[in-house]
Amino acid sequence: MRTGSRPRRRVSLHLWMYRQRAVILASLAGVLLATTLVVGYFTRVVVTRFDGRRWSLPSRIYSDMAVWRRGDGGSADRLVRKLERLLYRETPNAPSRPGTYRRVGNGVEVWTRDFFYPGRLVRGLPVRVEYGGGAVKSIASFDGERLDALVIEPERLGSVFGEEFEDRTLVRLAEAPRTLTDAILVTEDRDFYRHPGVSIRRSLGAIVSNMKGGATQGGSTLTQQLVKNLYLSPERTLKRKAVEAILALILDARYSKDEIFEAYLNEIYLGQHGSIAVTGVGEASRFYFGKQVEDLDLAESATLAGMIKAPNVFSPAHNPEKARQRRDLVLRLMRDEGRIDERQLAAALAEPVSTRSSNPERTIAPHFVDFVKSELAERYGQKLKTEGLQIYTTLDVDLQQAGQRAVADGLTALEKNYRRLGAAAKEGDGLQGALIGLEPETGAVRVFVGGRDYRLSQFNRVTQAHRQPGSLFKPFVFLAAFSRRDLPVPITPASVFVDSPITIAWDERADDQIWTPRNYDGQYRGAMSARRAVELSINIPTVRTALAAGLPTVVGAARAAGIGSRLRAYPSVALGAFEISPMEIAAAYAVLANGGVRVRPWAIVGVLTGDGGVLDRKETPMEPALPADAVFLVDSLLRGAVDRGTATGARAGGVRGVLAGKTGTTNDGRDAWFVGFSPRFLAATWVGYDDNRALQLSGTQAAVPIFADFSKALPAQFFKADFPVPSDIVTAEIDPESGMLATSACPERMTEVFIEGTAPTQECRLHRGFLTSSLH
């Protein structure tokens, strides 16, 4: 019995051991499976974010590129100012890489940068530009080869942010200077290239250091810091710390150290600008030092590295003394680690802590940026806030800044020169103004000033303010009249109208529809030509012209020019008794400047993805809208308004050459306007009060001086080309008083323009004792 029981015991023991091994193996398998699942899950988390879109990038809105050709107006100072805004670095020697320049006598040597533009990549190259007589004298390569043009990349105007309100300019690791990467590594993670993402020694050292009262670096590695920012919430718990370590190990195993370091450089938080977070070394370099990241020197690199621990505490903009102390500590760490020598340390320590923000206000042309955002919001939606789109526009930054100064300075001057305006300004009811500049041939918006000061009022007066144009509408009355070929007596610039009181019952069925127009000054001048009526902006002859041409014809001409505001064929429409925005009236005048061809105003050249792919490119359709011959006659009248009439002050800024223009004043004195133009450029200016109070100033007094001041910045070539002369335009020597062919008895004579078949055929009888029979 006893002997027989031993085998059974052995079997039981073996069975028990087998079961235990099975349990252990099953447990290990379960742990392994669970570990695999956990690691797999966290790996997917890491890879999905790191290989995908890591950040919500703000879209950037840019100006147009700048192009200079031989003969174009400009100066070395103006070019240097643009290069400085674009963060080009001045060098004592000839530029040796893109983004650098130097002054040489009356010229500039510059190595331009590559840049994407909708539809093409523009390559940078070394260029020497010489100036003389206020214009570009020559453009050549450093080897002396003649070049067609100097092309400079667009300037950043503003950004469109997502809900995170993070401003970030992505940089590649290769673009970061060695001084910056060394400073960050010795400060944040000196063993970064040796540990697997987590450093036990560093964590234990941090604990010991903290127990002693402080440390120069925390326990987290650089990889862990990146994981915390990219994947985790800011809460401090053991669970989150464990997850952080796991993700860091996975990240380090899946990607190269350089890839991780580059992501870190673009992710670190480096302070605030108002509500916007300055994120990444690329944006921080621009914001604090006005530089591209590759241009940072040793002291600036150490300053940025020192900020990582507590960006707002060690900000050079807000706490320069604390920033200096922290910077000096980083520099000494770099010396101790052998990254710099004693000479470099001493030189960097001697540098003051200073900042030079590339754009303190962060937005150039803010009303324009708002306009562009509104144009794109419906089309691109959330993409505009998160995908880093590159939006290129038509704006000319140099002219924009001149326009902003002219509006602000002009309104201040009016309040200084007119006591009642100054008193209102002191009570917080200051004048407002707007200015828009267009290229008539293309419709491109080059200048867009929506108000006096965006910080005080974001209301965009270029597009949102609807005011009466008053006398600004008169050219369209005469355009309609000149276009009528079916009148018994054609209306021409020489046609004579009587400036005398007039009362019009424009709806005989209603007794109260009686209108008695008056001239702005209350005076009447008797018989005068259409030309003189436009030059002096006289109301009564304009009304008589509208009635002769037919009010529906006047409205039709305005519609053809692109005026979409509500117009009704009432007599008062002749004097601009309806509401319109500055952009709309500028677009209508652009048809006059463009020989009757209509091109709608546009501001967006194209939209690129973050990597340069084209999402959208602008096409500018042109459509003949008005008869070129009638338009030419109106342009001739408006050149006379500048040379002899209400707009003579438009040349006070020094404009020579071809310039046409028209002042605008409403009879109730609420609005003052001026539009000045040539075939190459047009600018419309409005002055008034937002609450529609009476300004009691004419366009000559309030708007023309602003244009004249702005025109100082306009290149001379804008006014060289004349308006093209249609083939059916003829000239005749006439007596300006009678409008008939001049004779030897006429005291004055002038050369007038006519559409073929409409020139006078009879000689002047007024100066032979007869009255003219061509009165209207």
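The values are calculated or read from the model by the stated rules, or taken from the named source; none is laboratory data. Owing to the predicted nature of the structure, the values given are computational and were not obtained by experimental measurement. Positions of Cβ are generated from backbone atoms using ideal geometry, with glycine treated the same way; all protein chains shown enter the neighbour counts. Just the protein is used for accessible areas: all its heavy atoms, side chains included, with ligands, DNA and RNA removed. Shrake-Rupley method; radii C 1.70, N 1.55, O 1.52, S 1.80 Å.
Quick notes on this structure:
- Folded to 0 to 90 degrees: helix 539-549 orientation relative to the chain principal axis, Cα: 90
- For the range 633-686, applying the loop criterion from DSSP together with a ceiling of 12 other beta carbons within 10 Å to the trypsin sites (Lys or Arg not before Pro) yields R656.
- Relative intensity, log₁₀ I(q)/I(0), of the chain from a Debye sum that treats every alpha carbon as a point, q = 0.05, 0.07, 0.09, 0.11 Å⁻¹: -0.40, -0.66, -0.93, -1.19
- Of the whole protein surface, L333 contributes about 30 Å² of accessible area at a 1.4 Å probe radius.
- The angle separating the long axis of helix 76-85 from the principal Cα axis of greatest extent in the chain is about 40 degrees.
- Against the chain, whose longest principal axis is taken from its Cα atoms, helix 2-51 shows a tilt of about 20°.
- Amide H contacts for T100 (H built 1.01 Å from N in the peptide plane; partners 5 or more residues away or on another chain; cut-off under 5 Å): R89, W111.
- Cα centre as origin, Lys/Arg/Asp/Glu Cβ charges: the range 609-735 dipole, Debye: 500
- Accessible surface of the chain, 1.4 Å probe, proportion on carbon and sulfur as whole %: 52
- GluC sites (Glu not before Pro) within the range 279-330, DSSP loop, no more than 11 other Cβ atoms inside 10 Å: none
- Residue-count net charge about R69 - beta-carbon cut-off 14 Å; Lys, Arg +1, Asp, Glu -1: +2
- For R97, solvent-accessible area (1.4 Å; no DNA, RNA or ligand), Å²: 80
- This model, with +1 at the C-beta of Lys and Arg and -1 at the C-beta of Asp and Glu, gives the chain a dipole about its Cα centre of some 4220 debye.
- Among L28, S159, Q464 - extreme Cα towards positive end, dipole of the chain, charges at beta-carbon: L28
- Projecting the Cα atoms of G562, A494, S75 onto the charge dipole of the chain (Cβ charges, centred on the Cα centre) puts S75 farthest toward the positive pole.
- Solvent-accessible area per residue in the chain equals 46 Å², computed with a 1.4 angstrom probe and all protein chains kept.
- For the range 463-580, a simple Cβ point-charge model (Lys and Arg +1, Asp and Glu -1, everything else neutral) yields a dipole of about 360 debye relative to the Cα centre.
- Per-peptide packing, taken as the mean over residues of other Cβ atoms within 10 Å, places 711-721, 68-78, 444-454, 417-427 in the sequence 444-454, 711-721, 68-78, 417-427 from highest down.
- Nearby lysines by direct alpha-carbon distance to K82 (threshold 27 angstrom, same-chain neighbours under 8 apart not counted): K137, K291, K373, K618, K712, K720
- Here K322 is the anchor, and the lysines within straight C-alpha reach of less than 20 Å, apart from those fewer than 8 places off in the same chain, are K309.
- Projecting the Cα atoms of P679, V631, G132 onto the dipole axis of the chain, where Lys and Arg carry +1 and Asp and Glu carry -1 at the beta carbon, places G132 farthest toward the positive end.
- In a DSSP loop and with at most 15 other Cβ atoms within 10 Å, the trypsin sites (Lys or Arg not before Pro) in the range 235-275 are R236.
- Dimensionless Rg/Rh of the range 221-286 - Kirkwood Rh, Rg from C-alpha atoms: 1.03
- Accessible area (Å², 1.4 Å probe, nearest 10) - T751: 80
- Evaluating 6.51 cos²θ - 1.76 cosθ + 1.60 at θ = phi - 60° for every residue in the range 557-571, the Karplus couplings come out as 5, 5, 4, 4, 6, x, 6, x, 5, 5, 10, 10, 6, 9, x Hz, glycine and proline recorded as x.
- Our helix-only sum for the chain, with -39,500 (n - 2.57) per DSSP H run of n ≥ 4 divided by its residues, gives a mean residue ellipticity at 222 nm of -12000 deg cm²/dmol.
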